[in-house]
Each structure stands twice: as C-alpha cells, then as structure tokens.
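Engineer: Below is one structure. I have some questions about it.
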C-alpha cells in the first residue's frame with residue numbers, strides 16, 4: 001500500500017513552528033490541489049489544527065520513501081515560506097501499515113495533547129470532506145478513511161478512554177452534573193474572565209446551563225466573554241446579590257486576596273432557604289475562603305481537589321489506551337488483509353474468464369456431437385475428459401518446469417493454492433473408510449444397495 005503520512009505535532013514541534021505551518025481553512029482547497037501537482041501525489045488529505053498539521057497521501061508506485069519525504073517537506077516549506085532544514089528537524093514520516101496505524105491513533109484521540117479528547121475525530125472528518133470537495137480523494141483514500149473512522153468509533157464505544165474529564169475546567173462542570181440532576185434549571189456565577197473561565201462557560205453551555213453570569217474586575221472583558229455564550233456581565237461588586245440566585249459558583253481570578261468570604265455566602269444561603277450550592281475555586285491563591293466549606297449547604301472544591309480527580313481520570317484513560325491499541329492493531333491488520341486480497345482480484349477474473357471460454361467451447365462441441373446422434377454417455381465422457389485436460393494443462397506445465405528448476409517454493413505454493421493437501425487428506429480418509437468393514441452404511445447407501453440387489 002503506497003500510503004504515507006507526514007507532519008508535525010505538539011509531540012515534535014513547539015507552537016512557534018506549528019502556527020507557521022498551519023493551513024487556514026480558506027487555504028485548504030487550494031493547498032490540496034497544489035500538493036497533488038507539486039509533489040505528484042495521486043490522492044491527498046490535509047489535517048491542520050492548533051496542535052498538528054499532517055498530510056495523508058497515496059503516492060505513485062516505486063517511489064523511494066526518503067525521496068518522497070524530502071519532496072513533501074520541500075513542498076510544505078515552500079508553501080509556507082519556511083526553511084526546509086527547520087521542518088526536517090521536527091517532521092515525522094510514516095509509510096504503509098505504520099502510516100495507517102498513526103492515522104487511526106490520531107482519529108481515536110490517542111496521539112492528542114489531552115489523551116482521548118474527541119474533537120480531533122470531527123476535525124479529521126472535516127478535513128476528509130474538504131479533500132473530497134477539492135477532488136483530491138480517489139478510490140484508495142476513499143476506501144481507507146471510512147475504515148479509519150470505523151476503527152476510531154470502535155475505540156470510543158468499546159473503551160472508556162473519553163468518559164472521564166481530564167481538564168480542570170471540564171472536571172468542575174462534571175462535578176456540577178453529579179450534584180444537580182438537571183443542569184438546565186441551574187444558574188451559574190463565574191468569577192473571572194480568563195481562559196479557564198472561558199472554557200468553563202463553554203462546557204456549561206454544552207451541558208445545558210441556560211443562565212450564566214460572568215463577574216469580573218473590568219466590565220469590558222466580562223461583556224466580551226458574556227457575548228460569546230449569551231451570558232450576563234457584572235462587576236465584582238455585584239457578586240453578593242448574584243450569589244442569592246447562583247446554584248453553581250466557579251472562580252478563577254488573579255486576586256491575591258479572597259473575593260468570597262464565609263459571611264457573604266452564609267447570607268446568600270439564608271435568602272436561598274438553604275438550597276445547596278456548588279462552589280469550585282480554581283484560583284491560586286484561592287478566591288474563596290476555606291471556612292466557606294464549613295457551611296452545611298455548600299459543596300466547596302479547590303483546584304487541588306480537581307487535580308486529584310483529573311489525575312485519577314488520566315490514569316484511567318491510560319489504562320483504556322492499551323485496550324484501544326489492541327482495537328487499532330486488529331483493525332489495521334484486517335484492512336491490510338483486505339487490501340492484499342484485492343491484489344488477487346484481477347488474476348481471479350482472468351482465470352475465471354479463461355475457464356468460461358473453455359467450458360463454452362467444449363459445451364458447443366458436445367452439443368454438435370449429440371446433434372449428430374453420437375452416444376450421449378460417450379459425449380459426456382469426452383466432454384469431461386477434454387475440459388479437465390485443458391484446465392490442468394497450464395498448472396501441470398508450470399509445476400513440471402518448477403520441478404526441473406528446483407523451485408520447491410513454487411510447488412509448495414501451488415499445492416496450497418490448488419488444494420492438493422486437502423485433496424490428499426480426503427482421499428486418505430476415503431481409503432480408511434473402505435478398509436474398515438465395520439463402519440455402518442448410511443441410509444442413502446443402504447437404499448442404493450437394496451435397489452441394486454432388487
């Protein structure tokens with residue numbers, strides 16, 4: 001299989017290189033066509049994300065792997081106006097089954113920065129769809145990619161590699177799902193407006209939380225973030241009044257002093273008539289006084305509590321990754337066997353066509369003989385004998401030649417292909433049955449013998 005994969009990722013290059021090699025979405029269609037023409041590729045798909053840029057391609061027969069790798073790197077460097085030497089140092093290159101295994105690991109999230117993350121699967125399917133539209137997917141990648149997607153789905157369904165959260169932001173939202181039975185009726189107060197709070201807001205929206213309030217020191221940044229998620233923006237000074245309606249409170253600021261104290265939370269609980277509150281403090285130093293955790297109706301978690309959950313979940317994912325490796329290895333092996341079987345299709349078609357021509361010729365000859373009034377039994381005997389001789393002529397000639405040349409490997413292969421070993425076993429078993437007079441006759445055999453005697 002002339003399949004190759006070449007690229008760079010978070011495992012091989014820093015962000016300063018990855019961002020320069022990335023393809024913008026509007027560039028992809030043009031880049032795919034340019035790659036086919038510039039590197040003489042038969043088919044190609046390009047995947048470009050924040051953590052990796054990879055090319056998956058079918059290359060012409062007889063290409064030397066080293067030369068093909070150099071050509072692909074030269075093309076990528078030229079396209080992005082980069083130094084070839086710089087790319088050479090951080091690019092990886094796989095061919096054949098190894099390339100297919102790598103692609104399956106990528107699709108299954110096993111090669112991601114966050115082990116088992118599901119987003120890469122959708123990104124890969126999107127990259128494949130773009131290549132289809134650009135006309136750079138042919139029959140071979142058209143057969144290969146759907147199989148890889150099928151393997152990746154098996155990894156998701158047959159392992160628990162993506163079930164447990166492994167980011168602090170997601171772990172905080174996951175906790176809320178365990179405490180509240182219906183997140184859609186919950187109200188969330190997020191304190192801060194940095195990257196972590198942005199991730200928390202995204203996960204909350206995905207979990208079905210409809211009312212989100214973002215409190216920040218500056219209202220501008222809070223409004224900017226709130227606009228993304230249909231949330232409400234307020235200043236830190238408004239937190240006490242917002243606490244009264246908040247079922248979920250998640251904080252992540254750069255404050256050197258606590259923002260929420262026991263008194264403020266206690267007052268809010270009285271207004272809430274002691275309905276429970278989940279409070280998650282992701283900040284260091286802490287935003288919420290530790291004494292808040294002493295309140296009866298508050299579930300308070302610190303960043304250390306979340307990291308313990310995340311670490312345990314990572315250990316669980318690594319265990320599941322070993323199961324995923326087995327699934328991928330089996331899937332790749334099955335696909336490679338199918339490809340190898342396709343190599344025999346043309347030969348089988350040719351052999352069947354030849355046999356059909358011989359059959360038709362002998363059948364016509366037998367029909368003419370019957371029309372002339374010849375004995376039907378003699379015609380049938382001549383038909384079967386002539387057909388057999390013509391069908392075994394080429395294999396017999398080839399076996400004799402192989403024997404003269406001492407090619408025992410060909411003789412052994414021919415014996416297996418022609419089923420001679422099985423035939424020999426069947427003959428031997430038949431002889432054993434004939435030599436054993438105590439073996440009972442079947443019902444059909446008994447009836448036949450009775451009819452003969454009668």
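Engineer: If you take just the helices (runs of 4 or more DSSP H) that sit entirely in the range 1-94, which of them hold at least 3 residues that are closer than 17 Å to residue 135 by Cα and touching a helix residue (DSSP H, G or I) at 6+ places or on another chain (Cβ under 8 Å)? Break it down stepwise before answering.
Structural biologist: On the way: elements: 15-21, 28-39, 65-80, 84-90.
The helices (runs of 4 or more DSSP H) meeting that bar are 28-39.
To keep it simple, each residue is scored yes or no on (1) surrounded by 13 or more Cβ atoms within 10 Å (Cβ to Cβ); (2) in contact with a helix residue (DSSP H, G or I) (Cβ under 9 Å, 6 or more places away or on another chain); (3) closer than 30 Å to residue 280 by Cβ.
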residue: 310; (1), (2), (3): yes, yes, yes
residue: 315; (1), (2), (3): no, no, yes
residue: 318; (1), (2), (3): no, no, yes
residue: 323; (1), (2), (3): yes, yes, no
residue: 335; (1), (2), (3): yes, yes, no
residue: 352; (1), (2), (3): no, no, no
residue: 362; (1), (2), (3): yes, yes, no
residue: 376; (1), (2), (3): no, yes, no
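Engineer: Sort out which residues of the range 184-223 are touching a strand residue (DSSP E or B) at 6+ places or on another chain (Cβ under 8 Å) and either part of a helix (DSSP H, G or I) or not assigned by TED's automatic domain parsing to the domain that holds residue 249 (or both), and write them in order of number.
Structural biologist: Residues satisfying the conditions are 197, 200, 201, 204, 205, 219, 222, 223.
Engineer: Being touching a helix residue (DSSP H, G or I) at 6+ places or on another chain (Cβ under 6 Å) and closer than 18 Å to residue 255 by Cα is the filter here; which residues of the range 174-197 pass it?
Structural biologist: 189, 190, 193, 196, listed by residue number.
Engineer: Also, quick follow-up: Right, residue 238: surrounded by fewer than 16 Cβ atoms within 10 Å (Cβ to Cβ) and either closer than 20 Å to residue 209 by Cα or modelled with pLDDT under 95 (or both) or not?
Structural biologist: no
Engineer: Now for a different question. State yes or no: is residue 432 more than 30 Å from residue 355 (Cα to Cα) and either surrounded by 11 or more Cβ atoms within 10 Å (Cβ to Cβ) or modelled with pLDDT of 55 or more (or both)?
Structural biologist: Judged against the criteria, residue 432 is a match.
Engineer: Is it the case that some residue within the range 392-401 is at pLDDT below 85 and surrounded by 11 or more Cβ atoms within 10 Å (Cβ to Cβ)?
Structural biologist: Looking through the range 392-401, none of the residues is at pLDDT below 85 and surrounded by 11 or more Cβ atoms within 10 Å (Cβ to Cβ).
Engineer: Looking at (1) buried (at least 20 other Cβ atoms within 10 Å of the Cβ); (2) within 21 Å of residue 19 (Cβ to Cβ); (3) at pLDDT below 95, which one does residue 124 not meet, given that it meets all the others?
Structural biologist: (3)
Engineer: For the structure I just gave you, tell me whether residue 114 is assigned to a loop (DSSP other than H, G, I, E, B), assigned by TED's automatic domain parsing to the domain that holds residue 59 and within 30 Å of residue 299 (Cβ to Cβ).
Structural biologist: Numbers: assigned to a loop (DSSP other than H, G, I, E, B): yes; assigned by TED's automatic domain parsing to the domain that holds residue 59: yes; within 30 Å of residue 299 (Cβ to Cβ): yes.
Here the answer is yes, as residue 114 does meet what is asked.
Engineer: Residues of the range 345-373 being farther than 17 Å from residue 392 by Cα and assigned to a helix (DSSP H, G or I), which ones?
Structural biologist: 345, 346, 349, 363, 364, 365, 366, 367, 368, 369, 370, 371
Engineer: Looking at 222, 233, 152, which one is touching a helix residue (DSSP H, G or I) at 6+ places or on another chain (Cβ under 9 Å) and farther than 30 Å from residue 41 by Cα? Give the steps one after another, and end with the answer.
Structural biologist: Details: 222 fails: touching a helix residue (DSSP H, G or I) at 6+ places or on another chain (Cβ under 9 Å); 152 fails: farther than 30 Å from residue 41 by Cα.
After ruling out the rest, the residue left standing is 233.
Engineer: Which of the following residues is more than 44 Å from the chain's Cα centre (by Cα), surrounded by 14 or more Cβ atoms within 10 Å (Cβ to Cβ) and either assigned by TED's automatic domain parsing to the domain that holds residue 193 or in a strand (DSSP E or B) (or both): 256, 275, 291? Walk me through how you get there before you give the answer.
Structural biologist: Values: 256 fails: surrounded by 14 or more Cβ atoms within 10 Å (Cβ to Cβ); 275 fails: surrounded by 14 or more Cβ atoms within 10 Å (Cβ to Cβ).
The conditions single out 291.
The values are calculated or read from the model by the stated rules, or taken from the named source; none is laboratory data. Owing to the predicted nature of the structure, the values given are computational and were not obtained by experimental measurement. Every residue, glycine among them, receives a Cβ derived from its backbone with ideal geometry; neighbour counts consider all protein chains shown.
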